[in-house]
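Some notes on the structure that comes next.
The values are calculated or read from the model by the stated rules, or taken from the named source; none is laboratory data. Predicted model, so just to flag it, every value in this text is computed and none were measured. Neighbour counts are summed over all protein chains in view; Cβ atoms, including those assigned to glycine, are modelled from backbone coordinates with ideal geometry. SASA here: full protein model, heavy atoms, side chains in, ligands and nucleic acids out. Shrake-Rupley method; radii C 1.70, N 1.55, O 1.52, S 1.80 Å.
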Amino acid sequence: MSFFPDVPKIVFEGRESTNPFAFRHYNPAEIVEGKTMAEHFRFAVAYWHTMRGTGSDPFGPGCAVRPWEDGTDSVPMAQTRVKVAFEFMEKLGVPYYCFHDRDVAPEGKTLSESNANLDAVVKVLAEEQQRTGIKLLWGTANLFSNPRFVHGASTSCNADVFAYGAAQVKKAMEVTKQLGGENYVFWGGREGYTNLYNTDLKRELDHFAKFLHLAVDYKTKIGFDGQFLIEPKPKEPTTHQYDFDAATCAAFLRGYGLIHHFKLNIETNHATLAGHTMMHELEYARVNGLLGSIDANRGDELIGWDTDQFPTNLYLTTQVMLVVLNQPGGLGSGGFNFDAKVRRESFEPVDLFHAHIGSMDCFAHGLKIAAAIRRDGALTDFVKTRYGSWDTGIGAGIEAGKEDFGSLETYMLKKGNADANVSGRQEMLENLVNRYLG
Ligand code: XUL
Ligand code: CO
């Protein structure tokens, strides 16, 4: 029995194809810069949006048509849904998926009931992984939906909630390991605050770090060798999320002695919420050795909140790929997870295919453009030349630690004035990038 009887297996047909159920750019076997496209991207489907999204918004309930749903939040329904998910991923040709504990299995009345529900669904996930070869990119725990997390999880004023969150993460790490998950993500759902009048900020930050240290200890204890990832986000649901952006996370991880245990999972819509471009966030993470994985989506420039739309903008994907290609080994154990949902108006199952196909193609196209720009070398040559004054003379001396304020004063007194600046040629470089997009 098929849940998507009208949808064929999606294959690469090439640039000229007009078939909406085909890839025009994403050719998994095509080699770019020595690696196949499949290896570059390691695309993943986000279980929460694709399998659990209903299209509900603050103005109305869900309207998504999902013929396989029986209207219950039961374990048998969750087990059937796994089969739907794997048929979807097989037809799409996506090699990975990601989940929260509570997306895949219903929460029970007690922690032990929730754990038993999870085990019952993980059994089917394992079978379907085995059957299809589709793998788990990362697992995570939902520490934000249940009302007990109203004040946060590890940063809650209620120590019992910290304990509950720890127990939940412990279990989520165990099942991630059991399913061969290659990473484990911490997104600080409600780790933040809205008003300092009722908040002990220092204590909350200390508790957050304590929680992560306990997770690191447990990782060692069970021998989970996946990568830990923190996902920055500046606001929503709280006004001040502690994991604001890549820079804030880097400082936090360094300050609390956690830097060697984590990398970052950078999400496009979170970058823009923080007032950054995705390219900035990726580059900041990369140069700090923290670029681990990507939640691929986009916001809506006219709305300004976390709309989690599917990425379709070639400028965006080209910029993302310019940074990823610049990192030796790319994202390593990370991948491109479509943390994105179809619009409320796109309520039919087939829309899930169109959304993923378009974004995979947009990234593949962006990869080819970025590789062409890199082959040409114009951008890298320009930057190298722009910083040329640091390669010899006084610049090289400063970088090598051979100068101090006294010697720099002597140098400049003798010289009289600094060498003239050269134009940054921003528009010329933007034109150059456009040339590759054309
Ligand atoms: C929330 C978000 C999450 C994380 C996983 O904005 O991005 O879905 O990716 O908890
Ligand atoms: Co995300």
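Computed values, structure above
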read-out: Single residue of the stretch 147-160 satisfying the filter (open to solvent by 40 Å² or more (accessible area, probe 1.4 Å) and touching a residue at least 40 places away in the same chain (Cβ under 8 Å)) that is farthest from ligand 2 (Cβ to nearest atom); value: CYS157
read-out: Count of residues meeting criterion [touching a His at 6+ places or on another chain (Cβ under 9 Å) and either more than 16 Å from ligand 1 (Cβ to nearest atom) or in a strand (DSSP E or B) (or both)] in the stretch 326-351; value: 4
read-out: Residue in the stretch 299-325 that is nearest to ligand 2 (Cβ to nearest atom), counting only those that are part of a loop (DSSP other than H, G, I, E, B) and at pLDDT 95 or above; value: ASP308
read-out: Where a residue in the stretch 278-291 is at pLDDT 95 or above and its partner, wherever it lies, is aromatic (Phe, Trp, Tyr) and open to solvent by less than 50 Å² (accessible area, probe 1.4 Å), with Cβ under 9 Å and at least six apart; value: LEU290/PHE262
read-out: Test: residue in the stretch 261-270 that is over 22 Å from ALA46 (Cα atoms) and touching a residue at least 24 places away in the same chain (Cβ under 8 Å); value: yes
read-out: Complete set of residues in the stretch 74-105 that are open to solvent by 10 Å² or more (accessible area, probe 1.4 Å) and either touching a Ser or Thr at 6+ places or on another chain (Cβ under 7 Å) or in a loop (DSSP other than H, G, I, E, B) (or both); value: SER74, GLU87, GLU90, GLY93, PRO95, HIS100, ARG102
read-out: First in the stretch 219-238 and within 16 Å of ligand 1 (Cβ to nearest atom), second anywhere and of a type outside the set (Phe, Trp, Tyr) and modelled with pLDDT under 95, Cβ under 7 Å, 6 or more apart; value: GLU236/ASP306
read-out: Hits in the stretch 292-320 - residues which are more than 14 Å from ligand 1 (Cβ to nearest atom), closer than 19 Å to GLY358 by Cα, without any contact (Cβ under 8 Å) to a residue 60 or more places away in the chain and of a type in the set (A, V, I, L, M); value: LEU316, VAL320
read-out: Options LEU253, LEU282: the member that is more than 16 Å from ligand 2 (Cβ to nearest atom), open to solvent by less than 20 Å² (accessible area, probe 1.4 Å), in contact with a helix residue (DSSP H, G or I) (Cβ under 6 Å, 6 or more places away or on another chain) and not in a strand (DSSP E or B); value: LEU253
read-out: Residue in the stretch 22-32 that is exposed (fewer than 12 other Cβ atoms within 10 Å of the Cβ), assigned to a loop (DSSP other than H, G, I, E, B) and touching a strand residue (DSSP E or B) at 6+ places or on another chain (Cβ under 9 Å) present; value: yes
read-out: Selection status of LEU437, aliphatic (A, V, I, L, M) and at pLDDT 95 or above; value: no
read-out: Test: residue in the stretch 97-112 that is in contact with a strand residue (DSSP E or B) (Cβ under 7 Å, 6 or more places away or on another chain), closer than 20 Å to PHE186 by Cβ and aromatic (Phe, Trp, Tyr); value: yes
read-out: Residue in the stretch 260-273 that is most open to solvent (accessible area, probe 1.4 Å), counting only those that are more than 11 Å from ligand 2 (Cβ to nearest atom) and under 21 Å from ALA209 (Cβ atoms); value: HIS260
read-out: Tally of residues being open to solvent by 20 Å² or more (accessible area, probe 1.4 Å) and over 25 Å from SER156 (Cβ atoms) across the stretch 223-242; value: 3
read-out: Test: SER359 is among the hydroxyl-bearing types (Ser, Thr, Tyr), part of a helix (DSSP H, G or I) and buried (at least 16 other Cβ atoms within 10 Å of the Cβ); value: yes
